[in-house]
Structure formats: C-alpha cells, structure tokens
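The structure appears below as structure tokens.
The values are calculated or read from the model by the stated rules, or taken from the named source; none is laboratory data. Not measured: the values here are computed from a predicted model. With ideal geometry, Cβ positions are generated from the backbone for all residues, glycine too; neighbour counts draw on all protein chains shown. Accessible surface is based on the protein model in full, side chains and every heavy atom, while ligands, DNA and RNA are left aside. Shrake-Rupley method; radii C 1.70, N 1.55, O 1.52, S 1.80 Å.
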Amino acid sequence: MFGVLYLLSQVLGIFAFAMLAPVVVGLLVKDTSDAEAFLLVSGMTGFVSGAMFFALRGRRWRLSRAGACGLVLGMFVLPSLIAAVPFLMIVDIGPLHALFEAVSGFTTTGATILPSVEVIGPAAIFWRAELQWLGGLVTLIVLGTILAPAGVGGLTARNIAILGAAGEGGLQRSFDAARSIGAFYLATTVICVALLVVAGIPIFDAVCLAFATVSTGGFMPIDGGIATYSSPLAELVLAVFMLIGATSVVWHRMILQGRWPLVRAHRESLYIIALAIFAGILFSFVIADLLHMPRPVDALRYGLFAGISIVSTTGFESWPNLFDYLPLAIVTLLGFVGAGTMSTAGGIKLYRFGAMFVQSMHELKKLIYPHSVRSPRFGSQPYDTELMKGIWASTIGGLAVVATAATLLSINLPSFDGSALAAIAAFSNIGPIYPGVSGGELLPHYAELDSFSLIVLITAMIIGRVETIALLGLASIAYWRS
C-alpha cells in the first residue's frame, strides 16, 4: 500500500504542475476567473501530493502484483476526479457531467457533454486538450512499465527492453522506461505542433490538435470537423501523427535505432497502417456516393482521413457528421478492434485478434497434419499456450464488458443498436463515433443521457484503459492473498 500511495503522489504532483498551463492561458486572454479556478485546484492537488510524497519518502516498500493493478486503476481514477473540479467550477454543468467530461478526456475517449466549445473559455479548451495528452502519456507508461512486463491480458515483454523496462532491474528500469517514453512522446508532440503551424493552423489550435492527435483523443478546439480549417496539409499532418499514435512506441524506437530486421518483423504496426488505408479507400467510395463529391481525389482525401481516424480510435471527423454517412457495422467493428499494443489507441487491439486468427488457423492445420509441431507466429511473436490463454481471457473480458454496458444502456436508450454503439465508443475510447443515426433514428447526445447511463459510460471508459484482466484481478480475493 505504501508503494502505491508513494507512486500516486508523484503522479498527482505532475498533474498539479500540468494544471498551471491553463492558468497561464487564462491570464493571457485576461480570463482571471478561469485562471483562479485552475490555480486553486492546482495548489490543493500539489499540497496533497507533496504531503503524501514527503510522508512516505524513505519508507521501505515493494510493489506486489495486486498493488500494481491497484496503482494502474488509481492512476486513471484519481486524476479524473481532480480534473473534473475545474469543469464544475467554470462551466454550468452538474458534478456527474463534469466527471464525464474529465474521464472522457483523461482516457482519450473524446466524448463530450458540451453542446459547443463556445460555452467554455480558452483555458478550459486547453485543459481538455492537455488532459488527453496526459492520459495518453499515462497509458504508455502503464503499458511499458507495469502491464506488458507482467504479461497482463496476453501482453508480452518481448522487445520491451528497448524501452529499458525488462529484466530484473526493478523500479529503476521502470523509471528509465517512463523517462524514455515521456521524452519520445513530448518530442513527437512538439514536431506535430510545428508542422501544424506551418500548415496554417493558429498556434493555440495547433497545440490543442497536437495534444489530441498524439494521444489519439478526440476533443476539438473548435466546433465542426477538421475541414473547417480548409488546410489539406494540416489533414495530412494529422493523419500521419494519428498513425504514429496508433502504432507501438516500441516499433518507433526500433525505427529510431535503425533496427530494420526488428522493424520488418514487427508486423502488427504494418498491418494497422494497411488496415487504416484499406478502410479509408472503402470509405471514399461511400463518401463519393452519399456526399456527391464530383472529384474522386476529394472523396479519397476524406475517406483516408476517416479510416485512419477510426482505426486509431481518435475520432476526428474530416467533414461535419461524416461518421453518420459511413456503414455503422464497419465503424463499430474497426473501433472495437482498435489499433496496436503499446500505443495510446483504444480497443481490444489488433495484436489479440491477429493472435487468435493465427492460432485458429494453426488448429485447423493440425486436423490435416496432426503430428505437426510448428509453432504459430504473428510476425516475430511466437504464441504459446499460456500467452493464448491471456489473449483469449482478455478478449472475452472485453466482450463481456461491452455486452454488459450495452444491456444496461438499452434500459434508457431508444434502440439496442444505439446502446451497443455507445458501449463500444466508451470501451474502445473512441467517443465521437456516438451519437449518430441508428436504424433511421437519431440517437440522443451524451448531454441528453440520464445519470445511470452516464455512470455506465464512465465505468466503461475507465475499464477500456485499465486492462480487463487486471481489473478482475483486483476483484479476486485469491489474487490479493497470493
């Protein structure tokens, strides 16, 4: 317990420091009331985190398996609760709506209860964007230092040593990996901001868009789609960085280090890029037909952007309400599958579906060649029985969460199709695909949902970020006793 609280105190301290950024934004635009609200919450959070840190500093502690799972849950729940306070203070919404907005931002879901960003000031707009960025960073650190090394949910520590997180180095290796991930994440964001400014995007919007893109969140700093900026170059930049956010940070490190054999063998990332392009081409035909675009190049442009946005679980729309025109079944399937492991994207992850497909084909081949001993592989990753158990368990757990959430949401939503879409949007952290049109009926906006439905969605968003198996471990008495 001491170890969990000690590490959480450091997370909250970083969170308190990050909250000073919207204070600066508020002062620059002369919105002192918003600046004061953020400064107050930042000061209180900093005081509590500092007290926890110095009280626990020097104590001997060890982070157990159950403690690690509790730390992962706490790293998403506590910051979300704190992030909701400024929304409650400066926006005319209730506590549950403020919590929904905060959780949606920190889990990089991008679902909003706000009818328009014009109802909040620049400080709150910046805070929503920064919240996504922080959530994406926490996601990568949790995956690289806790979940993947522990093999939770079929995740593997293979090649994780590139980040400095594998082996028996313990806590120091984890801190080294966190610094490595943070440095790359920050550098990627800075480059994205610079390219967006070159593409003609105002600096404030460029920063907010870069935060949302690198983290594969979905909050926009303006109303409307990306097409509002009328900048094809900006769309290209966002598409490239959405793919970077959707692919493994380990793969990125392989590229930077010039380990080309490993880069080629890491096929998950290559398959994700191919899937996004294929979906984009498919969508371009739909867009050309339904939106009556005379130029095929425009349809291809919007289709590719939509395909990359959905596969990466970012949820940016290249055209206002574009997702309403796309095939609902394909959109929900792509969103549920998600992108790559060791990335900020949501969903079950293509890695798991690829593993299950390869394993299924291997079992079919054994019917023909019963004495075959060939080990199934997905790229360079071999799959053994224990790894497949984790993958199947995690996938079934995710399906159970979505099914349960959809059933509970159907109590108050007009259709089960709409409930399933909302459940997948929350669990896969791709909130902008809902609301939309289901069965010819317009689904209610997030702000129109009742309190029970909002609680279900908040829970699903958090579970989507915390591996289902890790959460089940916390609920298991036997796991805590072990």
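Please go through the stretch 75-85 and give me each residue that is open to solvent by 10 Å² or more (accessible area, probe 1.4 Å) and in contact (Cβ under 8 Å) with a residue 24 or more places away in the chain, ordered by number.
The answer is Met75, Val77, Leu78, Ile82, Val85.
Taking the condition of a type in the set (Phe, Trp, Tyr), open to solvent by less than 50 Å² (accessible area, probe 1.4 Å) and touching a residue at least 24 places away in the same chain (Cβ under 8 Å), does Trp251 pass?
In short, yes.
Which residues, taken from the stretch 44-61, are surrounded by fewer than 17 Cβ atoms within 10 Å (Cβ to Cβ) and β-branched (Val, Ile, Thr)?
Val48
Name the residues in the stretch 30-43 that are exposed (fewer than 15 other Cβ atoms within 10 Å of the Cβ) and either in contact with a Cys (Cβ under 7 Å, 6 or more places away or on another chain) or in contact (Cβ under 8 Å) with a residue 12 or more places away in the chain (or both), would you?
Answer for the stretch 30-43, where residues must be exposed (fewer than 15 other Cβ atoms within 10 Å of the Cβ) and either in contact with a Cys (Cβ under 7 Å, 6 or more places away or on another chain) or in contact (Cβ under 8 Å) with a residue 12 or more places away in the chain (or both): Ser33, Gly43.
So, in the stretch 247-288, how many residues would count as being touching a Phe, Trp or Tyr at 6+ places or on another chain (Cβ under 6 Å) and part of a helix (DSSP H, G or I)?
The qualifying residues number 3.
Which residue, of Leu27, Leu88, is more than 23 Å from Ile113 (Cβ to Cβ), open to solvent by 20 Å² or more (accessible area, probe 1.4 Å) and free of Cβ contacts under 8 Å to residues at least 12 places away in the same chain? Outline the logic, then answer.
Numbers: Leu88 fails: more than 23 Å from Ile113 (Cβ to Cβ).
Answer to the check: Leu27.
Name the residues in the stretch 2-43 that are over 27 Å from the mean Cα position of the chain (by Cα) and closer than 22 Å to Leu71 by Cβ, would you?
Answer for the stretch 2-43, where residues must be over 27 Å from the mean Cα position of the chain (by Cα) and closer than 22 Å to Leu71 by Cβ: just Phe2.
Can you tell me which residue is farthest from Met356 (Cα to Cα) among those in the stretch 313-341 that are out of contact with any Gly (no Cβ under 9 Å at 6 or more places or on another chain) and surrounded by fewer than 20 Cβ atoms within 10 Å (Cβ to Cβ)?
Tyr325
What number of residues within the stretch 406-415 satisfy the criterion of being touching a helix residue (DSSP H, G or I) at 6+ places or on another chain (Cβ under 6 Å), open to solvent by 10 Å² or more (accessible area, probe 1.4 Å) and in contact (Cβ under 8 Å) with a residue 24 or more places away in the chain?
Adding up the residues that qualify gives 3.
For the stretch 420-435, indicate whether the set of residues that are more than 17 Å from Thr341 (Cβ to Cβ), touching a strand residue (DSSP E or B) at 6+ places or on another chain (Cβ under 8 Å), open to solvent by less than 30 Å² (accessible area, probe 1.4 Å) and modelled with pLDDT of 80 or more is non-empty. If you could, list the steps in order and put the result at the bottom.
Step one: list which residues in the stretch 420-435 are more than 17 Å from Thr341 (Cβ to Cβ), which gives 420-426, 431-435.
Filter again for touching a strand residue (DSSP E or B) at 6+ places or on another chain (Cβ under 8 Å), leaving 421, 435.
Still in the running and open to solvent by less than 30 Å² (accessible area, probe 1.4 Å): 421.
When the remaining residues are screened for being modelled with pLDDT of 80 or more, the result is 421.
Scanning the stretch 420-435 turns up at least one residue that is more than 17 Å from Thr341 (Cβ to Cβ), touching a strand residue (DSSP E or B) at 6+ places or on another chain (Cβ under 8 Å), open to solvent by less than 30 Å² (accessible area, probe 1.4 Å) and modelled with pLDDT of 80 or more.
Quick check on the stretch 289-303. Is at least one of its residues open to solvent by less than 10 Å² (accessible area, probe 1.4 Å), of a type outside the set (Ser, Thr, Tyr) and free of Cβ contacts under 8 Å to residues at least 40 places away in the same chain?
Scanning the stretch 289-303, I find at least one residue that is open to solvent by less than 10 Å² (accessible area, probe 1.4 Å), of a type outside the set (Ser, Thr, Tyr) and free of Cβ contacts under 8 Å to residues at least 40 places away in the same chain, so the answer is yes.
Any residue that is among the basic types (Lys, Arg), more than 23 Å from Leu209 (Cβ to Cβ) and in contact with a strand residue (DSSP E or B) (Cβ under 8 Å, 6 or more places away or on another chain) - is there at least one of those in the stretch 264-283?
yes
Among the residues of the stretch 384-405, which ones are of a type in the set (Gly, Ala, Ser), crowded, with 23+ Cβ neighbours inside 10 Å and farther than 17 Å from Phe100 by Cβ?
Answer for the stretch 384-405, where residues must be of a type in the set (Gly, Ala, Ser), crowded, with 23+ Cβ neighbours inside 10 Å and farther than 17 Å from Phe100 by Cβ: just Gly398.
So which pairs qualify, if the first residue must be in the stretch 416-435 and farther than 17 Å from Thr344 by Cα, the second must be among the acidic types (Asp, Glu), the Cβ gap must be under 8 Å, and the two must be at least 6 apart or on different chains?
Filtered contacts from the stretch 416-435: Gly418/Glu441.
Can you spot a residue in the stretch 198-213 that is in contact (Cβ under 8 Å) with a residue 12 or more places away in the chain, under 15 Å from Gly144 (Cβ atoms) and polar (S, T, N, Q)? Steps first, answer last, please.
Of the stretch 198-213, the ones in contact (Cβ under 8 Å) with a residue 12 or more places away in the chain are 198-201, 204-213.
If we keep only those that are under 15 Å from Gly144 (Cβ atoms) too, we end up with none.
No; the residues of the stretch 198-213 include none that is in contact (Cβ under 8 Å) with a residue 12 or more places away in the chain, under 15 Å from Gly144 (Cβ atoms) and polar (S, T, N, Q).
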